Amino acid sequence: MKKYFISVIVIGTMVLAACSDYLDQVPEKDVETFESIFERKATADIWFTQATEWMAGASFVGFGGNVGVVGADEFVTGNYIRDNNTAKLFNVADGLQMSQNPLGNIWPDTYYSIRMLNTFIENIDNVYDMTAAEKRNWKAEAIAVKAFYYFELVRRYGPIVLVPNNIDVNADLAEMQIPRSHVDTCFNEIIRLLDEAIPELLYSKERLASHKLFPSKEGAMALKARVLLYQASPLFNGNEFYVNFKGKQGEPLFSTEVDPEKWKRAAEAADAAVELCENLGYKLITGEQEKATKLLNQMRDVEMSIWEREYDGVEAVFMTGYSGVMNRFAINLLPLFPEGHADREALMSGCVAPSMKMVEMFYTKNGLPISMDKEWDYVNRYKLGREVNNDYQGVVVLNEDILNLHLKREPRFYATIAADRCYWQRGATANKNMVVQAYRGEAFGLHKSFLLYSDPQNLSGYYVKKFTRTELPTKGYMNEVGTLGDCRWPVIRLAELYLIQAEAWNEYEGPSDKVYKPLNKVRERAGIPDVEASWEQFSNQPQKIKLKEGMREIIQQENFVEFAFEGHRFWDLRRWKLAHLELNDKLLGWNVLGTDARTFYNNFEGPVVVWDKAKFVAPRDYLFPLKAEEVMISGYVQNPGW
């Protein structure tokens, strides 16, 4: 067994040391070991694990290494995190991407993994102690993972290099320099791979425990719907940005004409995935009944929507990630209480905070944007008010001054954002339902009399509740969270499939029940009215739900809210070609040096700039750069602007 491990490591080391990973040739002395490796099930599985572990790595799931989570405008943080985060991916939002040493560069490691997958696919049939059905299933899993890798490459780089088979060891340089393919060719190959894999994949509950991080049958169908949605979206469907983006031989790499049929294909794929998932018993997580009020129960449902253990998915259709991936967010999200506080946990920093844009993104209790609810006082949102309704008991402080912005918001707001003078359950007992007091010198506030960006300080005055569990105390949290079991990253939730249905059918046919019904399933779990009722009864623009353009904006905001901080906004803004309109805004928050309501809330005149370095250059930043050295050696064309 040791011999086989060494063989894999030798090959991997040689491949990773080169510039064009997928083109590297395997030395003949190592090729000779393939026959032995793919002789028995146990050693073939070792190879498969090596080839697929990249999928579960930090580049695609989790927090610090996942550009989708930290690379947009959802979080505010200072240099303490930006300088200490090894991936430096917060700097992507500041326009600090570079071609010399690209941030979040997955190109070499992903192609190394694809090369190993190709070897596995080509050799798995040689294993003698597996049944034919097992071989078909494992090969299908490898093909589905390869499709996943291709997709992650395409949504970063656009046109990529397709490698159906590994290059022969005797290939000359010209054969090794494979050109990038048209972006539609890339999408079509991803779909072809998934269609090949799906019939032989097992349902999630049928799989071996060691193979549950790979896509199941329903997971692959969900991934297919997401891939087709991206192909239909404006970035990849008739994008005038790339009219002059051509390959080495002058061949176009993007089409500039919009194909509406792409939306239909995405909608039908989402319908098929939803039908299968619902038949298998998947559902949105709902039904909490143990809390004191309806609102608290709704908040708990929202909180639990991302937490699933041991791959036993209720809402998560496709999960993956390294062990404990969901447990590690808390260090940067939970507050660092002052010295002497009974709940102080020195490991916590609370220095990754939500931006004001995200605070204002969540709806009112009527399920509407705060600027469009005629019953909600938008003009005076930065003034103080009071809540007297007992429906909000244990959620906001009653009968005391509180910012209007924090009043009468939807359950997802209170479940996701910890706001000043609102409650945050920080332990299992009633006395751990803590009031967030965020002025300087208070428990959740700044502990110094000055801002020092190199210190772990909260810059916006808010905290993110998502990715933490309310029943676990702050003190000792990192020990307690291990008792929750092995919770992996929810790559695709059923809620996403519903919103894919709504978006794709709206773009193809315009507003109809095909759009409203799946959207309303998400809204129902969120504890807000159906979209028709919200806009017709409470909105100052009731006609919006009757128009394709209006429903487009409604569905987009629903995505921003439902998947806040989960890494969707980064990609959605790009595929919708809205990034250059959103990601140049300065990040806002409150004056965290303030010691009372008037100074903290900037004399009630509105939020202040807390980070002014955001930068997005179009069209350059819509696609990641290939590493300059890679371009020079391999002969690829570089992405526009780089």
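The values are calculated or read from the model by the stated rules, or taken from the named source; none is laboratory data. Since this is a predicted model, take the numbers as computed values, not measurements. Methodologically, a virtual Cβ is constructed for each residue, glycine included, from the backbone with ideal geometry; neighbour enumeration extends over all protein chains shown. These area figures cover heavy atoms from the full protein model, side chains too; ligands, DNA and RNA do not enter into them. Shrake-Rupley method; radii C 1.70, N 1.55, O 1.52, S 1.80 Å.
How about the range 57-96: which of its residues are over 22 Å from I492 (Cβ atoms), part of a loop (DSSP other than H, G, I, E, B) and open to solvent by less than 20 Å² (accessible area, probe 1.4 Å)?
Hits for the range 57-96 are D73, T77, G78, G95.
Of the numbered conditions (1) among the β-branched types (V, I, T); (2) part of a helix (DSSP H, G or I); (3) out of contact with any Asp or Glu (no Cβ under 9 Å at 6 or more places or on another chain), I178 fails exactly one; give the number of that condition.
(2)
I'd like to verify a number: residues in the range 515-526 that are buried (at least 18 other Cβ atoms within 10 Å of the Cβ) and closer than 19 Å to L229 by Cα, how many? First the steps, then the outcome.
Pass one, the range 515-526, residues buried (at least 18 other Cβ atoms within 10 Å of the Cβ): 515-516, 518-523, 525-526.
Checking the rest, the ones that are also closer than 19 Å to L229 by Cα come to 515-516, 518-519, 522.
Of the residues in that region, 5 qualify.
Could you grab the pairs with beta carbons closer than 7 Å, sequence gap of 6+ or different chains, first residue in the range 244-266 and within 17 Å of G641 (Cα to Cα), second one of a type in the set (A, V, I, L, M) and open to solvent by less than 80 Å² (accessible area, probe 1.4 Å)?
F245/L253; K246/L253; G247/L253; G247/V637; K248/V637; L253/V183; F254/V183
Taking E536, is it acidic (D, E) and open to solvent by less than 10 Å² (accessible area, probe 1.4 Å)?
On the way: acidic (D, E): yes; open to solvent by less than 10 Å² (accessible area, probe 1.4 Å): no.
The answer is no for E536.
Out of all the residues in the range 166-175, is one or more assigned to a helix (DSSP H, G or I) and within 30 Å of A564 (Cβ to Cβ)? Before you say what the answer is, go through the steps one by one.
We begin by selecting, within the range 166-175, every residue assigned to a helix (DSSP H, G or I); these are 173-175.
Checking which are within 30 Å of A564 (Cβ to Cβ) leaves us with none.
No.
Quick one: which of E605, E630 is modelled with pLDDT under 95, over 27 Å from S454 (Cβ atoms) and not polar (S, T, N, Q)? Steps first, answer last, please.
Details: E605 fails: modelled with pLDDT under 95.
Testing whether each residue is modelled with pLDDT under 95, over 27 Å from S454 (Cβ atoms) and not polar (S, T, N, Q) leaves just E630.
Being assigned to a strand (DSSP E or B) and of a type in the set (A, V, I, L, M), is that true of even one residue in the range 482-494?
Let us first name the residues in the range 482-494 that are assigned to a strand (DSSP E or B), namely 487, 489-493.
From the residues that got through so far, the ones that are of a type in the set (A, V, I, L, M) too are 491-492.
Scanning the range 482-494 turns up at least one residue that is assigned to a strand (DSSP E or B) and of a type in the set (A, V, I, L, M).
Taking R421 as meeting all but one of (1) out of contact with any Gly (no Cβ under 6 Å at 6 or more places or on another chain); (2) open to solvent by 10 Å² or more (accessible area, probe 1.4 Å); (3) under 28 Å from N380 (Cβ atoms); (4) in contact (Cβ under 8 Å) with a residue 60 or more places away in the chain, write down the number of the exception.
It is condition (4) that R421 fails.
Pairs please, first residue from the range 134-162 and more than 16 Å from I191 (Cα to Cα) and without any contact (Cβ under 8 Å) to a residue 24 or more places away in the chain, second anywhere and open to solvent by less than 10 Å² (accessible area, probe 1.4 Å) and of a type in the set (S, T, N, Q), Cβ atoms under 6 Å, 6+ apart in sequence or on different chains.
No pair meets every condition.
Which pairs have Cβ atoms under 6 Å, sit 6 or more apart or on different chains, and link a residue in the range 381-401 that is within 20 Å of P607 (Cα to Cα) to one that is open to solvent by less than 40 Å² (accessible area, probe 1.4 Å)?
Pairs that qualify, where the first residue is within 20 Å of P607 (Cα to Cα) and the partner is open to solvent by less than 40 Å² (accessible area, probe 1.4 Å), are R381/N404; R381/L405; Y382/F604; Y382/G606; K383/N404; K383/F604; G385/N404; G385/L407.
Can L623 be described as closer than 30 Å to E496 by Cβ and open to solvent by 10 Å² or more (accessible area, probe 1.4 Å)? I'd like the intermediate steps shown before the answer.
On the way: closer than 30 Å to E496 by Cβ: yes; open to solvent by 10 Å² or more (accessible area, probe 1.4 Å): no.
When the stated conditions are applied, L623 does not pass them.
When you scan the range 205-239, how many residues do you find that are modelled with pLDDT under 95 and open to solvent by 10 Å² or more (accessible area, probe 1.4 Å)? Spell out the reasoning first.
So the first thing to find is which residues in the range 205-239 are modelled with pLDDT under 95, and the list is 205-215.
Still in the running and open to solvent by 10 Å² or more (accessible area, probe 1.4 Å): 205-210, 212-213.
Residues that pass the stated criteria total 8.
Using the structure shown, decide if G606 is among the small types (G, A, S), out of contact with any helix residue (DSSP H, G or I) (no Cβ under 8 Å at 6 or more places or on another chain) and either part of a loop (DSSP other than H, G, I, E, B) or open to solvent by less than 40 Å² (accessible area, probe 1.4 Å) (or both).
Values: among the small types (G, A, S): yes; out of contact with any helix residue (DSSP H, G or I) (no Cβ under 8 Å at 6 or more places or on another chain): yes; either part of a loop (DSSP other than H, G, I, E, B) or open to solvent by less than 40 Å² (accessible area, probe 1.4 Å) (or both): yes.
Yes.
Limited to the range 328-341, what total is found for residues that are surrounded by 18 or more Cβ atoms within 10 Å (Cβ to Cβ) and out of contact with any strand residue (DSSP E or B) (no Cβ under 7 Å at 6 or more places or on another chain)?
7
Of (1) in contact with a helix residue (DSSP H, G or I) (Cβ under 7 Å, 6 or more places away or on another chain); (2) among the basic types (K, R); (3) in a loop (DSSP other than H, G, I, E, B), R523 satisfies all except one. Which?
The failed condition is (3).
Select from the range 342-397 the residues that are closer than 17 Å to F560 by Cβ, open to solvent by 30 Å² or more (accessible area, probe 1.4 Å) and not in a loop (DSSP other than H, G, I, E, B) and list them in ascending order.
K357, E360
Among the listed residues L499, L484, L451, identify the single one that is over 18 Å from R300 (Cα atoms), among the aliphatic types (A, V, I, L, M) and either modelled with pLDDT of 95 or more or in contact with a Lys or Arg (Cβ under 8 Å, 6 or more places away or on another chain) (or both).
Numbers: L484 fails: over 18 Å from R300 (Cα atoms); L451 fails: either modelled with pLDDT of 95 or more or in contact with a Lys or Arg (Cβ under 8 Å, 6 or more places away or on another chain) (or both).
Unique residue meeting the criteria: L499.
Under 7 Å by Cβ, and 6 or more places apart or on different chains, what pairs join a residue from the range 603-620 that is within 15 Å of E74 (Cα to Cα) with one that is of a type in the set (A, V, I, L, M) and in a loop (DSSP other than H, G, I, E, B)?
Listed by first residue and then by second, the contacts come to V610/L459; W611/L459; A614/L583; F616/L583.
Of all residues in the range 120-165, which are under 22 Å from F38 (Cα atoms), in a loop (DSSP other than H, G, I, E, B) and either touching a Leu at 6+ places or on another chain (Cβ under 6 Å) or open to solvent by less than 50 Å² (accessible area, probe 1.4 Å) (or both)?
Here is the first cut: in the range 120-165, the ones under 22 Å from F38 (Cα atoms) are 120-146, 163-165.
Subsequent filtering for residues that are in a loop (DSSP other than H, G, I, E, B) retains 127-131, 163-165.
Result: V127, M130, V163.
Which of the residues that make up the range 178-204 are more than 23 Å from T49 (Cα to Cα) and either open to solvent by less than 10 Å² (accessible area, probe 1.4 Å) or not acidic (D, E) (or both)? First the steps, then the outcome.
Here is the first cut: in the range 178-204, the residues more than 23 Å from T49 (Cα to Cα) are 178-189, 191-192.
Of everything in the range 178-204, those that are more than 23 Å from T49 (Cα to Cα) and either open to solvent by less than 10 Å² (accessible area, probe 1.4 Å) or not acidic (D, E) (or both) turn out to be I178, P179, R180, S181, H182, V183, T185, C186, F187, N188, I191, R192.
Between V243, V258, V274, V227, which is under 23 Å from the mean Cα position of the chain (by Cα), β-branched (V, I, T) and within 30 Å of I178 (Cα to Cα)? Lay out the reasoning, then the answer.
Values: V243 fails: under 23 Å from the mean Cα position of the chain (by Cα); V258 fails: under 23 Å from the mean Cα position of the chain (by Cα); V274 fails: within 30 Å of I178 (Cα to Cα).
Criteria check complete, one pass: V227.
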